[in-house]
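The values are calculated or read from the model by the stated rules, or taken from the named source; none is laboratory data. Owing to the predicted nature of the structure, the values given are computational and were not obtained by experimental measurement. Every residue, glycine among them, receives a Cβ derived from its backbone with ideal geometry; neighbour counts consider all protein chains shown.
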Amino acid sequence: MSPEDRRQAILDAVVPLLIEHGADLTTRLIAEAAGVAEGTIFRVFADKTELMRAAAEEAISPAHGRADFEAMLAANDDLHERVRLASVALKIQLHRTMRVMFAVRSHLMKHGEPPTSGGPPGPPQFVIRANKELLAMLTDLFAPYADRMRLSPDRAAVVFRSLVFGSAGMDLDADLTPDQIADVIVGGVMLPEENA
């Protein structure tokens, strides 16, 4: 196994384990799930904190779901259905990412590490990068309908992302269903039929 394959195997194992076990996850459990010796983890990552930071970056990256997302777009030409399916996928990814981020943050705080690695104030660069990648994917969702929309596809992507993320979680019973999100988005970004 190449060093990059070993690194990926460890990350592939640690993300679901963080969701299941939270910040108290042991390197022994990670090694067992990854199919490597425990010492291998520390030949790939300097320490557990570096591993946790890499897991956060791995969890938030939209690259892992990109192929499925593109297949969904290719299989559906109805905007309402595309938005509905994208809402489902985005909500699943959001909940997965938040569980990993909370576990990583808890680990960092427990070990006296700052949540950011000494960089400039604001979100880490990998978070900014992941959000740009996500918005590019969502722009692709709307691009085929650009001539019938009141917003540009990239602005529609921002509205859609904001609606999904803004209505998700927090146990406020305020979550919008994927159908409700699709109704609001399609009804709001499309021009009236007589103008289309």
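Just give me the residues in region 138-154 being among the charged types (D, E, K, R) and over 13 Å from VAL186 (Cα atoms), in sequence order.
Filtering region 138-154 down to residues among the charged types (D, E, K, R) leaves 140, 147-148, 150, 154.
Correct list: ASP140, ASP147, ASP154.
Report, by residue number, each residue of region 94-124 that is of a type in the set (S, T, N, Q) and modelled with pLDDT of 90 or more.
We begin by selecting, within region 94-124, every residue of a type in the set (S, T, N, Q); these are 97, 106, 116-117.
Once the filter is applied, which keeps residues that are of a type in the set (S, T, N, Q) and modelled with pLDDT of 90 or more, region 94-124 yields THR97, SER106.
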Handout entry: Search result, residues across region 1-26 that are more than 24 Å from the chain's Cα centre (by Cα) and outside any loop (DSSP other than H, G, I, E, B)
Key = PRO3
Practice task
Looking only at region 158-178, count how many residues are touching a helix residue (DSSP H, G or I) at 6+ places or on another chain (Cβ under 8 Å), more than 13 Å from VAL88 (Cα to Cα) and modelled with pLDDT of 80 or more.
Solution key: 2
Completion exercise
Scanning region 117-167 for residues that are surrounded by fewer than 16 Cβ atoms within 10 Å (Cβ to Cβ) and in a loop (DSSP other than H, G, I, E, B) gives SER117, GLY118, GLY119, PRO120, PRO121, GLY122, PRO123, ARG150, SER152
Exercise for the section: Tell me, yes or no, whether region 76-86 has at least one residue that is in a helix (DSSP H, G or I), touching an Asp or Glu at 6+ places or on another chain (Cβ under 8 Å), modelled with pLDDT of 90 or more and surrounded by 14 or more Cβ atoms within 10 Å (Cβ to Cβ). Expected result: yes
Handout entry: Single match in MET98, MET72, MET52 (criterion: over 29 Å from GLY188 (Cα atoms) and assigned to a helix (DSSP H, G or I))
Key = MET52
Problem - Condition check for MET1: of a type outside the set (Lys, Arg) and either surrounded by fewer than 17 Cβ atoms within 10 Å (Cβ to Cβ) or under 30 Å from GLY187 (Cβ atoms) (or both) - result: yes
